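The values are calculated or read from the model by the stated rules, or taken from the named source; none is laboratory data. None of the values given here were measured: they were computed from a predicted structure. Here Cβ is always computed from backbone atoms with ideal geometry, including for glycine, and neighbour counts include all displayed protein chains. Accessible surface areas use protein heavy atoms only, side chains included; no ligands, DNA or RNA. Shrake-Rupley method; radii C 1.70, N 1.55, O 1.52, S 1.80 Å.
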Amino acid sequence: MATRTQERRLAFLATALPPIAWVVVFFLAPLAIVWAYSFGQNQGLTEVDISGTFANYARALQPLYLGIFAKSIFVAGITTFLCLVIGFPVALSIVFASERWRAWILLLIMLPFWTNLLIRTYALIAVLRTQGYVNFTLEWFWNQGSWLMTLVGLEPLGDFTPLQLLYNNFAVVFGLVYVHLPFMVLPLYAALDRLDKSLIEASLDLGAGHIRTLFLIVVPLALPGIVSGIIITFVPALGAYLTPDLLGGPDSQMIANVIERQFKKANDWPFGAALSFLLMYATFAAIALRVYLTRGKPTADGHGI
Amino acid sequence: MSDERTKSLFGPHSRRSILKGLGAAAVGITLTSKNYSAWAADEEKKLNFYNWDTYIGETTLEDFADASGIDVNMSLFATNDELFAKLRAGNPGYDVIVPGSEFVERMIQADLLEPLDHAKIPNMKNIAPEFIEDAPFDPGRKYSLPYTWLVIGIGYRKSKVKEVPDSWEYLFNSDQYKGRIAVMSDASELFRNCFKYLGKSINDDSPELIKEAEAMLIKQKPNIKAFHEDNGQDLLLSGEVDLVMEYNGDIAQIMTEDDDIDFIVPKEGAMKQQDTLAIPKGAPHPENALKFLNFIFEPEVGAEITKTILYPSPNAAAVALMPDSYKDNKVIFPPADVMAKCEYPRYLGPEFTRLLDEAMTRLRAA
Amino acid sequence: MATRRAPLEYNRAWQMKLWLLVVFFFLYAPLLALIVFSFNDSKRNIVWRGFTLKYYEKLFNNDDLLIAFANSLTIAFFATLISLVIGALAGILLWRYRFFGKTAVEGAFTLPIVVPEICMGVSMLLFFTRVLPWPNDLIWPFSLGSIIIAHVSFCFPFVALVVRARLASFNTEQEEAARDLGANDWQAFRDVLLPHLKPALIAGALLAFTLSLDDFVITFFTSGPDTVTFPVKVYSMLRFSVRPKSTPHRRC
């Protein structure tokens, strides 16, 4: 049937054209300018001479920068892992909540993120600093404990030493988890919503415990969501610069901080572009690898990107 | 639910924009903004002022509108780097900007600033002469006029230091206050004040000097609690650190909240800066901009601005109108003998910038 | 089988409740602390100096801030709407069709997530000043156009990703059954696929709205003199915290 084929083609075009056109005109075209810059060098203060040089990449591949890359990947990795561990039960509870509660929990998870990132970061500073709420609370307990000790005739505890919670790598990871948690919860929820609950019942009926059911049934069902969640948590965490800037210590420097400096303070756009595009080449390599590994498998599997 | 939220908070702006829309319709909607030159002869009564947040007197913009009929539309940037990064691709329509002195030199070299017609700014006479004469970054002040000036030094908590920390040594080369000091994260501000400590000029561009400063700071790093993003005053006020490298104006602010805080410019001298007013190339309303600049240098206007922002003002006529508590403030106006050792940073070229940035990256990664 | 709970009642388990409680505490405690301190009669939010409403008074009298806020909401609203359409189509495209250059398209759709913000900001800056200059005397809300476009470009891949993950659990036989019953492509899409996508669309919209509302870097580089958004205002307020005396509200 010719009309059927025609209709199919129309459906394909209607699906394919808007996103592809958008990404080409409003994303790839702008990005191409900066990509070209990564093969150029500064000409005076504002112009970039695109000479086809690879000098920027050579510089970006120095051990200094690779080391920072590695460190950033490590920090982003820990952040992603923590988000997954914290976020998975939250996503499950959204999925299993009643219709009314589901909307509320979703809203409650998202609401803090409609407060500005900088304000949230300042809130964390207020909580974590030496004279912050965490230390105030701990000090209170410490003093109560000390009082109790004297009450039962023991030596009181010494003076309270505040915990150093800010300006170190712990603070960076804490801040990143705080900022990126919904990026993990939302895809998990989207993937699991209205999952086939008979599968869980069957598993329980067959004698598997709740934990086993979770890992054998629920996690595989959630896998596409987990993959998406990891991607949209890990990658933005890798690109975070504000959190390490404001919460980090003397050695909390992530690659995004270096990139940001190139575009701003150092005024070296070609080098900043080269550093940025290294990240993108790595992504493309990962995608190509995935395509290569899953070649031959049936399509419409929907697993991640 | 997002939609509901949007709608309920929509009210005031949509009304305003409708009015704005009607106004635009009345004068004839212009779809292209590139045709600036045609407007120059008879400029619309509008001015786009690109400023730091609240870096202006509380009523200054209204007063200017009353006096001249020109509406000032103020938008905001937060760092000089952002200002430069944004303007280097082209001016999207700003008339007056407020760059720091080092960036004035960069912008002059990059041909981003419009020369100023001094004849149209008669109030320049109110500016203290040293700010006109001593401006190596803009000789003859052809492109920029001083708005405020500031100097980097050490802010400290009096009860936590044994003696007045009057040397950079306490921050750059000593473990006396281990874990209780914070320095700036900006490579230029940090390294070039180190140059001062090492007995060199802020504008010495020898790579060996950068190396020397880098080695010293790497050695000092375990003693440093944080590299702050120009929010050192908060760290000091909250008791997070006891010594902090910061601008005098910022410390003067928190001194009004906490008596235990003081500020000193180290005896080796330090970096001083100016925030300036300038007109970027391609400004759509250059005539209005000149009127605005002239207005800012009126004595009363300058005093109104200074009352709000409490920074050192180069406007001598305005300072004369200020109360003694401002004029005699040793933090806002550090002693002349130490100020004589302070220098304005010059723009020393891309190679120097790059070396500094690499040194900073190594320092943070070390 | 006294110990067995129906799967639907996972939420009755105390471990689950405790976990949710802890997570909400983690999310809200810092903000609550900040809210409490917004009533503090101190300019710098460090020591409690008495109760005041003056910051709220100043906040609501601050027209600039309210306009910036309205701008941000408008941008977020349109950016979410467009991202939702484009992102859903992108997700469906990659899930349903095999076509020439699919891997490249897939990569292009992922790139906006990978590009560092500042790099994206600078490309948008160059694009909107050199390639497609956006006139800055357009009537509101068209004056926000360049910002909305930039926001869609970095928001829609998030929608696409979530939609695709959701489609993994879609049973294509349902759609075929609908077609067998005489539905055309559009009807099958509207009545079968779209309802299945609902949770992904909700999640995607929430993500896009959040990302757009919070974006500073890309907005900063695409905004003109007339388009101050809330984050741009807040960033200059907080990062240049020199004059708390006149700063209307350090905490908003």
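Chains B and A: how much accessible area gets covered up at their contact, both sides added, probe 1.4 Å, in Å² to the nearest hundred?
That pair of chains buries around 3300 Å² in total.
What average number of partner chain Cβ atoms lie no more than 10 Å from the Cβ of the residues making up A:31-38?
5
Taking a label point 7 Å from the Cα of B:Ala366 along the Cα→Cβ vector, which residues of region B:163-180 have an amide N closer than 17 Å to it?
The answer is B:169-176, B:178-179, whose backbone nitrogens lie closer than 17 Å to the label point.
Against the longest alpha carbon principal axis of chain C, how many degrees, from 0 to 90 and to the nearest 10, is the axis of helix C:102-114 turned?
Roughly 20 degrees, rounded to the nearest 10.
Using just the helices of chain B, give the 222 nm mean residue ellipticity in deg cm²/dmol: DSSP H runs with n ≥ 4 each add -39,500 (n - 2.57), and the total is spread over all residues, rounded to 500.
Mean residue ellipticity, 222 nm, calculated: -11500 deg cm²/dmol.
Cα gyration tensor of region C:34-132, axes a ≥ b ≥ c as square roots of the eigenvalues: rounded (a/c below 1.5), prolate (a/b > b/c) or oblate?
Taking the square roots of the gyration eigenvalues as a ≥ b ≥ c, region C:34-132 is prolate.
Which FRET efficiency, nearest 0.05, do B:Asn203 and B:Glu163 yield, Cβ-Cβ r, R0 45 Å?
0.90
Which residues belonging to region B:341-366 lose at least 40 Å² of 1.4 Å-probe accessible area when the assembly is complete, relative to their chain isolated?
For region B:341-366, once contacts with the other chains are taken into account, B:Arg354, B:Asp357, B:Glu358, B:Thr361, B:Arg364 lose 40 Å² or more.
Per q in 0.04 1/Å, what log10 I(q)/I(0) does a Debye calculation on the alpha-carbon atoms of the protein assembly as shown return?
For the protein assembly as shown, the Cα-only Debye profile gives -0.20.
With the other protein chains left in place, how much accessible area per residue, in square angstrom, belongs to region C:62-239 at a 1.4 angstrom probe?
That works out to 30 Å² for each residue.
Where the only charges are on Cβ atoms (+1 Lys, Arg; -1 Asp, Glu), what is the dipole of the protein assembly as shown about its Cα centre, to the nearest 20 debye?
Using Cβ point charges on Lys, Arg, Asp and Glu, the protein assembly as shown gives about 3000 debye.
Mean shadow of chain A, computed from the convex hull of its alpha carbons, in nm²?
26.5 nm²
Given the pairs A:Lys265/B:Lys200; B:Lys267/B:Lys330; B:Lys142/B:Lys291; B:Lys86/C:Lys58; A:Lys265/C:Lys233, which span a C-alpha to C-alpha distance of over 26 angstrom in this model?
Numbers: A:Lys265/B:Lys200 23 Å; B:Lys267/B:Lys330 15 Å; B:Lys142/B:Lys291 16 Å; B:Lys86/C:Lys58 30 Å; A:Lys265/C:Lys233 21 Å.
Cα-Cα > 26 Å for B:Lys86/C:Lys58; rest within.
Using alpha carbons only, how many degrees (0 to 90, rounded to 10) separate the axis of helix B:299-309 from the longest principal axis of chain B?
60 degrees
Give me the lysines in straight-line cross-link reach of B:Lys219: C-alpha distance below 19 Å, same-chain residues under 8 apart excluded.
Filter leaves B:Lys178, B:Lys196, B:Lys211.
Quantify, in whole percent, the carbon and sulfur part of the accessible surface of region A:30-112 (1.4 Å probe; protein heavy atoms only).
75 percent
Using a ≥ b ≥ c from the Cα gyration tensor of region A:159-305 (square roots of the eigenvalues), is it rounded, prolate or oblate, where a/c under 1.5 gives rounded and otherwise the larger of a/b and b/c decides, a/b for prolate?
Judged from the Cα gyration tensor, region A:159-305 comes out oblate (a/c at least 1.5, b/c at or above a/b).
Within chain B, what percent of beta bridges assigned by DSSP are antiparallel, to the nearest 5?
55 percent
Evaluate the distance, in nm, between pseudo-label points positioned 7 Å from the Cα of C:Val131 and of A:Glu155 along their respective Cα→Cβ axes.
Label at C:Val131, label at A:Glu155, 7.2 nm between them.
How many percent of DSSP beta bridges within the protein assembly as shown run antiparallel, rounded to 5? Write down the numbers at each step before the final one.
Values: 24 of 39 bridges.
Once the DSSP bridges in the protein assembly as shown are tallied, antiparallel ones form about 60 percent.
For chains A and C, what's the summed buried accessible area, probe 1.4 Å, to the nearest 100 square angstrom?
Numbers: alone 19330 and 16520 Å², together 26480 Å².
Approximately 9400 Å², summed over both chains.
Project the alpha carbons of region C:62-239 onto their principal axes and report the range along each, largest first, in whole Å.
Ordered largest first, region C:62-239 gives principal extents of 59, 34, 29 Å.
Give me the percent of accessible area attributable to carbon and sulfur for chain C, probe 1.4 angstrom.
Whole-percent figure for carbon plus sulfur exposure: 66.
For chains C and B, what's the summed buried accessible area, probe 1.4 Å, to the nearest 100 square angstrom?
Counting protein atoms only, the buried area is about 4600 Å².
Using modelled amide H (1.01 Å from N, peptide plane; none on Pro or chain starts), what sits under 5 Å from the amide H of A:Gln43, excluding residues fewer than 5 places away?
The answer is A:Val48, A:Asp49.
Taking only Cα atoms, what is the 0 to 90° angle, nearest 10, from helix C:117-126's long axis to the longest principal axis of chain C?
90 degrees
Once the dipole of the protein assembly as shown is set up with Lys and Arg at +1 and Asp and Glu at -1 on Cβ about the Cα centre, which of A:Gln43, A:Ala126, B:Ala65 lies farthest towards its positive end?
A:Ala126
Toward the positive end of the charge dipole of chain B, about the Cα centre and with charges on Cβ (Lys, Arg +1; Asp, Glu -1), which of B:Pro207, B:Pro99, B:Ala317 goes farthest?
Value computed over the given set: B:Pro207.
What FRET efficiency would be calculated for the residue pair A:Arg194, A:Ala282, taking the C-beta separation as r and a Förster radius of 56 Å, to the nearest 0.05?
On the way: r = 36 Å, r/R0 = 0.63.
With a Förster radius of 56 Å, E is 0.95.
Evaluate E = 1/(1 + (r/R0)^6) for C:Asp191 and A:Leu13, where r is the Cβ-Cβ distance and R0 equals 25 Å; express this FRET efficiency to the nearest 0.05.
0.70
Evaluate the Kirkwood expression for the hydrodynamic radius of region C:150-210, namely the inverse of the mean inverse distance over all pairs of different C-alpha atoms, and round to one decimal in Å.
So the Kirkwood estimate lands at 12.5 Å.
How many Cβ atoms of partner chains, on average, are near each residue of B:225-233 if near means within 10 Å of its Cβ? Could the numbers behind the result be given before it?
Details: counts 7, 9, 8, 3, 4, 4, 7, 0, 4.
Mean shielding by partner chains, rounded to a whole number: 5.
Quick one: putting +1 on the C-beta of Lys and Arg, -1 on the C-beta of Asp and Glu, what dipole do you get for region A:1-149 around its Cα centre, in Debye to the nearest 20?
400 debye
Could you provide, to the nearest whole Å², the per residue accessible area of chain B with probe 1.4 Å?
38 Å²
Could you calculate, for chain B, the ratio of the Cα radius of gyration to the Kirkwood radius, expressed as Rg to Rh?
Reported Rg/Rh (Cα atoms, Kirkwood Rh): 1.01.
How about region C:92-108: which of its residues lose at least 40 Å² of accessible area in the presence of all protein chains relative to their chain isolated, using a 1.4 Å probe?
C:Leu93, C:Trp95, C:Tyr97, C:Arg98, C:Thr103, C:Glu106, C:Ala108
If you count, for every residue in A:204-210, the Cβ atoms of partner chains within 10 Å of its Cβ, what is the mean? Walk me through the numbers before you get to the answer.
Details: counts 5, 2, 0, 0, 0, 1, 7.
The mean count of partner-chain Cβ atoms within 10 Å per residue comes to 2.
Residue farthest toward the positive end of the dipole of chain B, with Cβ of Lys/Arg at +1 and Asp/Glu at -1: which of B:Gly140, B:Pro286, B:Phe227?
Towards the positive end, the residue furthest out is B:Phe227.
Could you tell me what % of all Cα pairs in region B:276-366 have separations over 14 Å?
Cα-Cα pairs of region B:276-366 separated by over 14 Å account for 77 percent.
So how strong a dipole does region C:62-239 carry about its Cα centre when Lys and Arg Cβ are +1 and Asp and Glu Cβ are -1, to the nearest 20 debye? Walk me through the numbers before you get to the answer.
Working: 11 positive and 14 negative charges, 71 e Å.
Dipole magnitude for region C:62-239 comes out near 340 debye.
What percent antiparallel are the DSSP beta bridges of region B:139-261, to the nearest 5?
Of the beta bridges lying entirely in region B:139-261, close to 50 percent run antiparallel.
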